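To start, the structure itself, in structure tokens.
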Amino acid sequence: MVRSLVALVVLAAAVGATVAVPSASAAAHATAATGPCGYTATPDDPPARPISLPPDPRPTPARGTVTVTLFTNLGPIPLTLDRAEAPCTVQSFLHLTRHGFYNRTVCHRLTTYATLKVLQCGDPTGTGEGGPGYRYKDELPTNLPPAPTDPTGARKVYARGVLAMANAGPDTNGSQFFLVFADSALRPNYTIFGSVRPLGLHTLDRIAAGGVAPTDDDPAPVDGAPARRTEIILAL
């Protein structure tokens with residue numbers, strides 16, 4: 001596992017798939033914003049690009065939607081961010097977008113497991129180890145339907161088109177996010193903060209159709225870098 005605050009999707013098994021990232025060890029040395037979102041710096045995991053903590057006003061805007069478009073080399077991915085669903089996450093994502101944090105970055109991971117089909121982006125280093133140098137609290141969904149593939153009911157459906165945050169455990173969100181291109185089964189431990197618009201789903205389908213890039217160790221992987229290199233040229 002990689003060491004940084006926000007990293008790759010971690011899959012224990014096809015049935016028990018999760019979207020997780022390793023936790024940072026900086027909590028004891030961190031400084032935090034004073035508002036309700038409590039964005040907290042992680043000195044042991046500095047930002048992959050220079051970026052400040054997001055604004056943390058009282059109250060945090062919690063109504064309405066905002067549109068952001070990821071202009072990629074394979075087509076645009078328009079997103080609708082939902083402030084009511086996850087106000088602190090939307091505020092952070094907009095902060096990173098407005099300061100160019102996502103520009104000229106690659107989406108470093110594609111998963112095509114039967115129960116997890118996502119594209120993961122948001123790390124300027126392209127390694128899955130980079131983040132914004134801060135973390136913040138979860139805003140978890142509470143009304144997702146149970147995944148039909150999990151008879152225990154523990155995993156829920158993260159539906160096609162969901163936009164959600166990767167994390168390293170409770171309250172460790174950073175900059176990396178994932179886009180769901182087909183219904184997936186996950187424990188409801190990942191903040192959903194918006195959705196991919198229809199044109200963006202078309203682009204996601206193009207990326208997913210290319211599959212995962214083969215490696216010397218695995219000529220037909222289902223988890224790894226997209227075979228069709230996907231670069232966010234501009235997030236706006």
When you go through (1) more than 22 Å from Leu81 (Cα to Cα); (2) part of a loop (DSSP other than H, G, I, E, B) one by one for Asn189, which number turns out not to apply? (1)
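For the range 191-212, indicate whether the set of residues that are open to solvent by 40 Å² or more (accessible area, probe 1.4 Å) and farther than 24 Å from Leu70 by Cα is non-empty.
No: the range 191-212 contains no residue that is open to solvent by 40 Å² or more (accessible area, probe 1.4 Å) and farther than 24 Å from Leu70 by Cα.
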Tell me which residues, restricted to the range 177-190, are open to solvent by 30 Å² or more (accessible area, probe 1.4 Å) and closer than 30 Å to Asp44 by Cα. Arg187, Pro188, Asn189
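Quickly run through the range 153-176 and pick out the residues that are open to solvent by less than 10 Å² (accessible area, probe 1.4 Å) and part of a loop (DSSP other than H, G, I, E, B).
Correct list: Gly161, Ala166, Asn167, Gly174, Ser175, Gln176.
Please pick out the residue among Thr125, Thr67, Thr105 that is touching a Pro at 6+ places or on another chain (Cβ under 8 Å), open to solvent by 40 Å² or more (accessible area, probe 1.4 Å) and more than 16 Å from Thr191 (Cβ to Cβ).
Thr67
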Look at Arg98 and say whether it is over 15 Å from the mean Cα position of the chain (by Cα), under 21 Å from Arg49 (Cβ atoms) and either small (Gly, Ala, Ser) or open to solvent by 20 Å² or more (accessible area, probe 1.4 Å) (or both). yes
For Thr127, only one of the following conditions fails: (1) touching an Asp or Glu at 6+ places or on another chain (Cβ under 6 Å); (2) in contact (Cβ under 8 Å) with a residue 60 or more places away in the chain. What is its number? (1)
Those strands (runs of 3 or more DSSP E) lying entirely in the range 59-138 with at least 3 residues in contact with a strand residue (DSSP E or B) (Cβ under 7 Å, 6 or more places away or on another chain) and β-branched (Val, Ile, Thr): 65-72
Does the range 164-182 contain at least one residue that is in contact with a strand residue (DSSP E or B) (Cβ under 6 Å, 6 or more places away or on another chain), at positive phi and not hydrophobic (A, V, I, L, M, F, W, C)? no
If a residue must be surrounded by fewer than 23 Cβ atoms within 10 Å (Cβ to Cβ) and closer than 23 Å to Pro221 by Cβ, how many such residues does the range 129-152 contain? 2
Which one of the conditions (1) closer than 22 Å to Pro226 by Cβ; (2) assigned to a strand (DSSP E or B); (3) touching a Pro at 6+ places or on another chain (Cβ under 8 Å) does Leu179 fail to meet, given that it meets all the rest? (3)
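What residue, of Ala33, Ala62, Ala12, is farther than 23 Å from Pro124 by Cα, modelled with pLDDT of 95 or more and aliphatic (A, V, I, L, M)?
Working: Ala33 fails: modelled with pLDDT of 95 or more; Ala12 fails: modelled with pLDDT of 95 or more.
Selected residue: Ala62, the only one of Ala33, Ala62, Ala12 that is farther than 23 Å from Pro124 by Cα, modelled with pLDDT of 95 or more and aliphatic (A, V, I, L, M).
The values are calculated or read from the model by the stated rules, or taken from the named source; none is laboratory data. This structure is a prediction, so every number in the text was calculated from the model and none was measured. FYI the Cβ positions are ideal-geometry reconstructions off the backbone, even for glycines, and counts take in every protein chain you see. Heavy atoms of the whole protein, side chains included, go into the accessibility calculation; ligands, DNA and RNA do not. Shrake-Rupley method; radii C 1.70, N 1.55, O 1.52, S 1.80 Å.
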